[in-house]
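Have a look at the structure below before the remarks.
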Amino acid sequence: MAATLLDGKSIVERLNAETVAGVERYKGEGVTLKLVAVLVGSNPGAVAYAKMQKKACDGVGIEYELRELPEATTQDELAATIQALNDDPRVTGIILQTPVPMTINQKAMQALISPKKDVDGVSPANMGAIVLSRARLAPCTALSVMSLIRESGVTLKGLEVVMVGHSEIVGKPVALFLLDELATVTVCHIGTRDTAAHTRNADLVIVATGVPGLIKADMVKDGVVVIDVGINRVEGKIVGDVDFEPVAAKASQITPVPGGVGPCTVAHLLNNVVKAADWQRE
Ligand SMILES: NC(=O)c1ccc[n+]([C@@H]2O[C@H](COP(=O)([O-])OP(=O)(O)OC[C@H]3O[C@@H](n4cnc5c(N)ncnc54)[C@H](O)[C@@H]3O)[C@@H](O)[C@H]2O)c1
């Protein structure tokens, strides 16, 4: 492998130190920061993510509550739960674990979360603030990608960047953050006719598609920096959206999967709880 691994460990350390300092600042005033995750049903991915959140919160001194609601919960009942959490001054941050059951309109429920408690950055107000370059609580995965890009040391102004994937929590916010840095951004997605034609010209490629091994070595140029957001289970192993070994042989820097984006995302989530507390206090 020629590439340097962008594992994000120093980002996690830095962010967690900042988060712990914030948590302690509030503890000094007798306030415990609290994150409440609402889980409707028992989607295995959502359950696993909740376990990881609990462990991460324990590590930095944030109180964590998993509010488990039955699969049959109605939208009105979920809305009432979210409203009660919005109104509860002891609750600093709220996350709606996804995916929710098909009977529930996920976006409508996310829109009910108070923007100042929306530590996942998914409410319309927080999403819209990104377009206006005034983000305060942004999607943690997008923040993680931006932290890793900064860590890589590339100069974004004028850089040719290809973002593969246009989801609301990754592709779209990352593209907007990159525009703020004056990068030249191309977004590829399921409708793109020839993704390779774009990625081959890119100095920086970010991939968030959920398609294992989508980005192959012949799709990137020598010296490219690669950020792999994908988390896919293939034959019992966790792999990314990048065909890792061959691409790493051509890249100058690359994020590993597992590792890289995932741990930084959790660290940003914890950090957003402190930011939410600060915002609520203003
Ligand atoms: N590491 C983390 O912290 C983290 C966080 C969130 C999501 N993820 C992972 O990132 C991946 C993407 O998740 P998401 O929620 O952003 O995406 P999503 O599932 O909402 O959307 C997938 C995106 O990929 C695009 N796409 C699909 N097939 C494609 C193809 N063949 N060519 C080009 N584009 C294609 C779609 O157009 C869409 O924009 C998943 O593997 C998910 O598990 C990781």
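Numbers below:
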{"item": "Members of segment 226-261 found to be of a type outside the set (D, E, K, R), free of Cβ contacts under 8 Å to residues at least 40 places away in the same chain and within 9 Å of the ligand (Cβ to nearest atom), listed by number", "result": "GLY230, ILE231, ASN232, GLY240, VAL257, PRO258"}
{"item": "Which numbered condition ILE206 fails, given (1) part of a helix (DSSP H, G or I); (2) within 12 Å of the ligand (Cβ to nearest atom); (3) closer than 30 Å to VAL20 by Cβ", "result": "(1)"}
{"item": "Wholly enclosed strands (runs of 3 or more DSSP E) of segment 211-282 bearing at least 3 residues among the hydrophobic types (A, V, I, L, M, F, W, C)", "result": "225-228"}
{"item": "Residue check, ALA56 within 16 Å of the ligand (Cβ to nearest atom), under 24 Å from PRO115 (Cβ atoms), in a helix (DSSP H, G or I) and in contact with a helix residue (DSSP H, G or I) (Cβ under 6 Å, 6 or more places away or on another chain)", "result": "yes"}
{"item": "GLY223 within 14 Å of the ligand (Cβ to nearest atom) and at pLDDT 95 or above", "result": "no"}
{"item": "Complete set of residues in segment 62-107 that are in a helix (DSSP H, G or I), among the hydrophobic types (A, V, I, L, M, F, W, C) and buried (at least 19 other Cβ atoms within 10 Å of the Cβ)", "result": "LEU78, ILE82, LEU85"}
{"item": "Residues (among the β-branched types (Val, Ile, Thr), within 28 Å of ARG233 (Cβ to Cβ) and either out of contact with any helix residue (DSSP H, G or I) (no Cβ under 6 Å at 6 or more places or on another chain) or more than 12 Å from the ligand (Cβ to nearest atom) (or both)) located in segment 165-203", "result": "ILE190, THR192, THR195"}
{"item": "In segment 152-164, the residues that are in contact with a strand residue (DSSP E or B) (Cβ under 9 Å, 6 or more places away or on another chain) and more than 10 Å from the ligand (Cβ to nearest atom)", "result": "SER152, GLY153, VAL154, LEU156, GLY158, LEU159, GLU160, VAL161, VAL162"}
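The values are calculated or read from the model by the stated rules, or taken from the named source; none is laboratory data. Here the structure is a predicted model, which is why all the values come from computation and not from measurement. Reconstructed Cβ throughout: ideal geometry from the backbone, glycine too, with neighbour counts over all protein chains shown.
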